[in-house]
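Colleague: Below is a structure I'd like to ask you about.
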Amino acid sequence: MRNKLIEFKNVSFKYGEEQPWVLKNCSFEVYENEAIAIIGHNGSGKSTIAKLMNGLLFPQEGEIVINGQRVTEESIWEVRKEVGMVFQNPDNQFVGTTVQDDVAFGMENRGIPREIMINQIDKMLTAVGMQDYLMTEPHKLSGGQKQRVAIASVLAISPKVLILDEATAMLDPKGRKEIMKTVTEVQEEHQLSLITITHDLYEVVQAERVIVMNKGEVWDEATPRDIFAKKEELRKIGLDVPFVAILSDELKKAGIEMKREALN
Ligand code: ADP
């Protein structure tokens with residue numbers, strides 16, 4: 001049995017006293033070394049969940065526990081050591097003038113010795129296939145390369161969970177597929193929990209479990225296959241099941257099993 005890493009317990013959130021609730025009584029758990037996807041149409045509350053997970057926001061009701069620690073104003077710095085986040089726009093995430101500086105930044109803040117840092121930078125950039133770009137200025141990289149560096153920078157501080165908040169949304173389909181492949185490899189190698197937040201159902205195929213959000217509520221929670229089987233209901237809440245998943249399901253009914261790689 002895997003340990004619980006993240007717990008949302010009856011969490012409700014609104015952006016201000018006079019504002020409507022954007023999350024309503026949300027409860028779910030994420031386990032160690034588990035890959036989950038959070039999906040839902042725009043405005044369903046996904047990004048708000050991500051921000052609550054690293055203490056950028058706090059719920060008015062309910063509680064969030066990360067690695068046994070309740071997320072509060074006092075605990076956010078401890079919590080942030082466990083939670084690495086990569087957002088949609090890579091340009092907003094760079095702090096260094098070179099790729100190397102950027103990956104070093106989080107470690108420098110934690111006072112990690114130089115020897116270990118150099119080793120770690122090399123290891124993380126290799127993990128995301130960017131080891132040849134140490135001295136490159138981030139703005140000279142392609143969108144996909146920037147996201148790889150952003151992922152390496154987050155991994156360098158050894159979090160227990162990596163959250164990708166629409167992190168591939170600005171990439172073309174090929175770049176998207178490559179990043180997801182890298183992330184899956186990194187997740188397995190580093191035994192991370194991975195939370196992929198997306199409105200693109202193609203990205204959920206690799207998840208073990210999918211949490212579907214609708215209008216601020218947890219609408220369903222199941223394996224990708226079980227979620228995709230509800231294609232009519234999903235359409236009603238603004239989500240389209242990828243053709244390849246429908247095809248795979250039809251083939252299965254006919255006794256033909258599609259290989260997992262074929263779905264990616
Ligand atoms: P998603 O990531 O699923 O698109 P969000 O969590 O970004 O959804 O948004 C959920 C709801 O909260 C939306 O109705 C959105 O308009 C509202 N919202 C998001 N950010 C803010 C904010 N800073 N101030 C007020 N309302 C916000």
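Colleague: Might you report the magnitude of the Cβ-based charge dipole of the range 1-40 about its Cα centre, with Lys and Arg at +1 and Asp and Glu at -1, to the nearest 20 debye?
Modeller: 80 debye
Colleague: With +1 assigned to the C-beta of every Lys and Arg and -1 to the C-beta of every Asp and Glu, and no other charges, what is the dipole magnitude of the chain about the Cα centre in debye, to the nearest 20?
Modeller: Charge dipole, the chain, about its Cα centre: 380 debye, nearest 20.
Colleague: Quickly work out the K140-to-S27 label distance, labels modelled 7 Å from Cα along the C-beta direction, and quote it in nm with one decimal.
Modeller: According to this spin-label approximation, the distance is 5.4 nm.
Colleague: To check you understand DSSP bridge types, tell me what percent of the beta bridges within the range 4-263 (both residues inside) are antiparallel, rounded to 5. Show your work: numbers first, answer last.
Modeller: Numbers: 19 of 37 bridges.
Bridges in the range 4-263 are about 50 percent antiparallel.
Colleague: Given +1 on the Cβ of Lys and Arg, -1 on the Cβ of Asp and Glu, and no further charges, what dipole in debye does the range 70-144 carry about its Cα centre, rounded to the nearest 20?
Modeller: Computed about the Cα centre, the dipole is about 140 debye.
Colleague: Neighbouring Cβ atoms within 10 Å as the yardstick, rank H139, H190, H199 fewest first.
Modeller: Details: H139 9, H190 16, H199 19.
Ascending Cβ contact count within 10 Å gives the list H139, H190, H199.
Colleague: Ok, one more. Considering only DSSP beta bridges with both partners in the range 87-229, what is the antiparallel share in %, to the nearest 5?
Modeller: 50 percent
Colleague: Here is a follow-up. Using 1/(1 + (r/R0)^6) with R0 = 41 angstrom and r between the beta carbons of N42 and I116, what's the FRET efficiency to the nearest 0.05?
Modeller: Efficiency, from the Cβ-Cβ distance: 0.50.
Colleague: Please report the spacing between the Cα centers of the range 1-45 and the range 188-226 in Å, no decimals.
Modeller: 12 Å
Colleague: As I understand it, the dipole of the range 4-263 uses +1 on the Cβ of Lys and Arg and -1 on the Cβ of Asp and Glu, about the Cα centre. Which of L201, I121, T72 lies farthest toward its positive end?
Modeller: The one lying farthest along the dipole's positive direction is L201.
Colleague: Please order E73, E189 by the number of other Cβ within 10 Å, starting at the fewest.
Modeller: E73, E189
Colleague: Another one. What residue among L239, L56, I256 has its Cα farthest toward the positive end of the dipole of the chain, where the charges are +1 on Lys, Arg and -1 on Asp, Glu, each on the Cβ?
Modeller: I256
Colleague: Looking at the chain as a GNM with Cα springs under 10 Å, which of G143, G16, G216 has the largest mean-square fluctuation?
Modeller: Answer for the Gaussian network model of the chain: G16.
Colleague: First check a/c for the chain, with a ≥ b ≥ c the square roots of the eigenvalues of its C-alpha gyration tensor; if it is under 1.5, answer rounded, and if not, answer prolate when a/b is larger than b/c or oblate otherwise.
Modeller: Oblate, since a/c reaches 1.5 and b/c is not below a/b.
Colleague: Separate question: What ranking of W21, W77, W219 emerges when the number of other C-beta atoms within 10 Å of each C-beta is taken as an exposure proxy, fewest first?
Modeller: Exposure proxy ranking, most exposed first: W77, W21, W219.
Colleague: For a Förster distance of 30 Å, can you work out the FRET efficiency between the beta-carbons of K9 and T126, rounded to the nearest 0.05?
Modeller: 0.20
Colleague: Identify, among G144, G84, T97, the residue whose Cα sits farthest towards the positive end of the charge dipole of the chain, taking +1 on the Cβ of Lys and Arg and -1 on the Cβ of Asp and Glu, with the dipole about the Cα centre.
Modeller: Value computed over the given set: G144.
A short reminder: the numbers here are calculations on the coordinates, not readings from a lab. Remember, predicted model here, so these are calculated numbers, not experimental data. No Cβ is skipped: glycine too gets one built from the backbone with ideal geometry, and neighbour counts run over all protein chains shown.
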